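Throughout, read-outs are computed from the coordinates displayed, never taken from laboratory work. Please read all numbers here as calculations on a predicted model, not as lab measurements. Note that each Cβ is placed from the backbone with ideal geometry, even for glycine, and that neighbours are counted across all protein chains shown.
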Amino acid sequence: MSIIAGSYERFIWGFRLKPTKHDADNQTLTLSPLFSYPSHISPITTVACSGPAAASGGSDDTIHLYDLPSASSLGSLLDHNHAASITALSFYTPSSLSFPRNLISAAADGSVAIFDTDPFVLLKSFRPHKKAVNDLAIHPSGKLALAVYRDEFFAMLNLVRGKRSFCCRLGLEASLVKFDPSGERFFMVVSNKVGVHQSEDAKLLLELENPSRKRILCAAPGESGTLFTGGEDRAITAWDTNSGKLAYSIEDAHPARIKGIVVLTRNDSDGSLEDPYLIGSASSDGGIRVWDVRMAAKENTKPLAETNTKSRLTCLAGSALKSMRRPQIGKQQAQKLDEGDENSE
């Protein structure tokens, strides 16, 4: 299981989550460093990972790719037809596969690019809207995506045809959009509120408001209608989006605002109900922490693992490694990150 984080200082940080002690009473985990590498020439704005593949996008208009099992850089993608900051990245991985099929990127000029991942080649680039994309979410079917824009617009994108199928003005600027794991609903964040919508017709089912009234900066859907959010109030909040109630909260989860949150494990048919349910969080002060949310109801909840990158983190992503198959970019040789780090000096 791996975690990657991007920083304002243009470094990509990679960690592997390893158990160090597991007995009947407690479990201890360690965030073991995989790499730290100045992969971009300006701040990293977004990261994504799925299985062994990871990607980062920056305000330098480029996307960089990584192979997590070998801690290698796979080079960069320069195929976005319009030179603009990369604002959102998302892998599409069918439920039957452990390796992503596509990488979808969005940029500050409104463009969206669809890449194949084996090898990484551009399949389609289109511009469904002229303003900057704040966030983009892919439906579990892989056939459509939702995008929210800086000029208060919302759009549905047909990824099969590479065109916009629907667009409307919200009246307020949404910063985040996420599908729940079933794809039947999606969540849209506007400032300190989360709208829970029906996917079929975008009908608003209910609205959640952060009790602190402070802005929500990151969100990650969990199981059974749970949504985790973090932001300027430095708390990790779990919402029951079925009832519209706050399920629980980890107060003061970080000493500074939370810029990234990711669900790391899910209990499935092959897992035990006793397995830990882990989430990761990253703060603008450089800290990354991993939590077992089953312990959130207890007072003085402590992280199972933590590390400090001593950089201004901007984004976070996580992946459970199920495949060791390595992606390729044409004929380009993979370059070890530590070698790249030496060459950058």
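Projected onto the charge dipole of the chain (+1 at Lys/Arg Cβ, -1 at Asp/Glu Cβ, origin at the Cα centre), which of PHE11, ALA147, LEU77 gives the Cα projection farthest towards the positive end?
ALA147
Could you give the length gained on full extension between SER141 and TYR248, defined as 0.36 nm per residue of separation minus the Cα-Cα distance, in nm? Provide the component values of the computation, followed by the final result.
Numbers: separation 107, 0.36 × 107 = 38.52 nm, distance 3.06 nm.
Additional length available on full extension: 35.5 nm.
Which value, in debye to the nearest 20, describes the size of the charge dipole of the chain about its Cα centre when Lys and Arg Cβ atoms bear +1, Asp and Glu Cβ atoms bear -1, and nothing else is charged?
For this selection, approximately 740 debye.
Multiply the residue gap between ARG150 and ALA256 by 0.36 nm, knock off their C-alpha separation, and tell me the result in nm, one decimal place.
Gain on extension, ARG150 to ALA256, equals 35.6 nm.
For the chain, modelled as a Gaussian network with Cα springs under 10 Å, which listed residue fluctuates most, ARG127, ARG161, ARG289?
The residue with the greatest mean-square fluctuation here is ARG161.
Applying 1/(1 + (r/R0)^6) with R0 = 30 Å to the Cβ-Cβ distance of ARG164 and ARG215, what FRET efficiency is obtained, to the nearest 0.05?
0.60
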